[in-house]
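The numbers here are math on the coordinates, done by the rules we state, and not lab data. What you are looking at is a predicted structure, and each value in this text was computed from that prediction instead of being measured. Cβ placement follows ideal geometry from the backbone for every residue including glycine, while neighbour counts extend to all protein chains displayed.
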There are 2 protein chains.
Amino acid sequence: MRYAKDVSDVEEPEPSLASRLRLAVVRLNRRLRAQRTDSSVTLTQISALSCLYNWGPLTPGELAAKEGVQPPSMTRVIAALEEHGFVTRRPHPTDGRQAIVEVTDEGRRFVRAEVCARERWLDQRLAALDTEERAVLTRAAEIIDRMAGQ
Amino acid sequence: MRYAKDVSDVEEPEPSLASRLRLAVVRLNRRLRAQRTDSSVTLTQISALSCLYNWGPLTPGELAAKEGVQPPSMTRVIAALEEHGFVTRRPHPTDGRQAIVEVTDEGRRFVRAEVCARERWLDQRLAALDTEERAVLTRAAEIIDRMAGQ
DNA sequence: GCAGATCGTGAGGTACGCTAAGGATGTGTC
DNA sequence: GACACATCCTTAGCGTACCTCACGATCTGC
């Protein structure tokens with residue numbers, strides 16, 4: 001059921017793309033966070049770990065920038081990942097202020113194994129789509145990442 | 001920079017669609033939440049209000065189900081929206097346990113006006129895309145919503 | 001009536017962002 | 001060399017948003 005709209009309201013006959021995209025993203029994000037595995041690694045930590053996995057060693061500041069969060073937020077994520085043994089921190093060779101965060105072998109194993117397991121829910125949903133729909137989502141992921149990234 | 005992969009690891013030469021979609025959604029969601037307007041209405045509240053706007057009066061339980069959250073979480077959202085005067089609660093005509101939550105005229109005005117203003121950031125980003133990319137996102141929003149919805 | 005199911009709510013906990021402020025290190029200027 | 005200033009990371013504190021567990025009120029079947 002939808003509320004009747006003014007006859008004069010013709011410039012927006014249905015929810016805008018922004019509205020629909022926002023709702024879709026918020027909803028999917030909630031579902032993704034709700035997928036708890038027994039492991040105590042959170043979605044935010046996985047996201048940062050994947051970033052390090054894909055980009056190689058980074059400083060905390062660089063990692064925060066790539067993830068689009070403020071440096072203080074990343075500090076806690078790195079600390080949790082370090083406690084899990086998934087990343088290590090070593091001093092920067094030339095700049096004593098900075099540090100280098102790097103994925104450990106165990107972290108790489110985790111990315112390749114646990115992460116996939118964690119994404120089982122999403123994988124199942126994606127598997128239920130047809131090829132063309134998956135192609136749409138693949139392109140959408142690129143576009144969204146470009147839009148939100150940086 | 002990417003870590004070299006095992007030669008034998010050919011079944012997944014790049015991050016899976018699930019991985020990329022998850023990263024894109026998490027990142028965009030963070031950006032959306034970071035868009036604070038002066039109004040004190042949060043993204044979660046807007047999402048629920050939009051749902052009521054589109055579907056008509058619902059009980060708290062139905063609303064929670066549509067948004068994909070647990071009923072206790074929705075209780076607080078409804079209370080906040082009621083405090084803003086955007087929704088009203090009236091008793092269920094036949095079932096004393098339930099309640100009916102409905103958008104007020106002010107709430108409808110808010111959805112049509114303030115929500116769009118709040119989405120200015122996303123609108124600007126979307127405007128920078130070309131027609132074909134927006135079409136991809138429109139379809140993707142439908143697909144994601146169907147995947148995450150219910 | 002009364003037991004059990006259902007619905008909404010209250011309480012408490014965790015995750016995850018933010019801003020503000022502090023401490024350590026680098027850098028430019030005199 | 002010493003000082004002022006910038007930069008980087010971290011700590012502290014706050015707010016939002018979700019969860020689970022537990023409770024009271026109400027409906028339903030016997």
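The alpha carbons of region A:88-149 occupy a box of 51, 29, 12 Å along the principal axes, longest dimension given first. In this assembly of identical copies, the label point of residue B:91 (Cα plus 7 Å along Cα-to-Cβ) is separated from its counterparts by 7.3 nm, sorted shortest first. For the segment B:130-143, counting C-beta atoms of other chains within 10 Å of every residue's C-beta and taking the mean gives 6.
The label point for residue A:131 and the one for residue A:43, both projected 7 Å from the Cα toward the Cβ, are 3.1 nm apart.
With q set to 0.11, 0.14, 0.15, 0.27 Å⁻¹, the log10 of I(q)/I(0) for region A:41-117, from the Debye formula over equal scatterers at the Cα positions, is -0.24, -0.38, -0.44, -1.40.
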